[in-house]
Amino acid sequence: MKTNKTNFTKLNARAGLGWIRQSSCLLLVWALIALATAAAPPLFAAGQTGAAQLDAPPEEAPAPSLTISPGVIMVQAQPEQSTTQDISISNLTPVEFTFNLEAMDVAVRDGKRVFVPAGEMPGSIARTAVFSPSSVVVPPGSSATVQVTVTIPENPAMRAIVAIFRSNTKVRSQSGFAMTASLGALMTFNLSKSLQIEGSALQFDGASQGSDLAVSEWVTNTGNEPVIPKGVVAILSSTGKLVGKVAVEAMRLLPGERLQFKAEYPSALQSGKYRALMTLEHDGTVLTTSSDFEIP
Amino acid sequence: MNNQNKMAPLVFQASGKSMLSRLSLFGTVLILAFLWARPANAASLTLTFSSDASGILLGGSGTSSSAMAFGSVHAYGGVVPGGVTKSVNGTTSWTLSTPIDVRVTKTGLGFSANYTMTAQLQTSGLAYTWKLGAATLTNAFPATVTAAGAYGSKAPYTFSLTIPFSASAGAVSNTLDIIVVAN
């Protein structure tokens, strides 16, 4: 009995190894297909749905454009720590591009972001940025990768910088004006657990016109670190019954930044009294704001 | 015990027996590499310029480097290219303006709801006033054209050049560096 059991185990082990071998071969084929897919340009941009994919006309060739990747880098760090990141730019245009690498601080003034030249503000993070190499020439159909090393100062004045591929390309034009593209990667830094947002009164647009209702709330990041709140708006009837709910798009809020979080209810509401609740969540913290409104 | 001893070589036979098995291991590693690298590669931003339906025809429309030629234009008289508007501002200056389209697309930047676009002249143009949208451009620093541009759609921005009557006649040229960063 014991022997039988052992043989059974042995047979299973042999069968298992055979299965692994077969599966590995299949996985190899899958990996090669996956790599080929990864190398190909993305078929659809983020946000496009499957339905849109089906309804769309035949896929256009990729635009002869510049692409930066990644577009956003979120770093968890401590003051006086360094981080090194790779940023790549692809040139799918027929023109050779020359880029100088440059970092700028992202400050928030009056609730809005502004790009500030490196070193202009005390506690500048951008001033510490070292690019390797500091400039690149990218021929048509090629890409270049640059390493950027940033050292967080002891008391940084901001929590974000942009690492920019500044185009130094001279566009050929016959006595006129040219435009050339530069792309930057946003780098945000979370240095502590001081995360806090503050909301305001809900605003309602379109409620009185019988059209789709838009519910919005201005939210300010009153903490010290970047946050990305996302949430939902729930519409309740006067009896407290859930009428419907709609998602609130996530948006990045730098410290001091103020943005309007908005949700559009996709169908017209019947006349009556309602209550709207906007719930925003970030890093395990929830902010809920409610307000009553009436559809005439 | 005996069976266990027989079992062990099976494993090593499998790893050393054939090239196929090595390839299998390689394939598995490739899968892991693919899964690891994909998110970073997918998060990207793309920028293109194109002619607006009611604007001047851009050379290189639909790409990331474009050019426009106003030709020989005078404050009074002369021929203004199609899609360009000329306006005379009293006795002080005159302006040429035209809309251009900018399209920014994102892939894999789920938390980026929109983008910031700034613009800067490559060379000094102090004698003139250069604008893109409401932003006045210089070669000193990037001026913010939009702080919340919408992804995916072609957004028209009006480019304008204001020339004071005090400026002497001559060729005017410059390059606008359009800088886009995900928010």
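What follows is calculated from the coordinates using simple rules that are stated; it is not laboratory data. Please read all numbers here as calculations on a predicted model, not as lab measurements. Every residue, glycine as well, gets a Cβ built from its backbone with ideal geometry; the counts of neighbours run over all protein chains shown.
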Check: In region A:84-144, which trypsin sites (Lys or Arg not before Pro) fall in coil by DSSP and have 14 or fewer other Cβ atoms within 10 Å?
Finding: none
Check: How would you rank A:104, A:251, A:187, going from fewest to most other Cβ atoms within 10 Å of each one's own Cβ?
Finding: A:251, A:187, A:104
Check: If you stretched the chain out fully between residue B:168 and residue B:129, how much longer would it get, using 0.36 nm times the residue separation minus the C-alpha to C-alpha distance?
Finding: 12.6 nm
Checklist line | Rg to Rh quotient for region B:43-182, alpha carbon positions, Kirkwood Rh | finding: 1.00
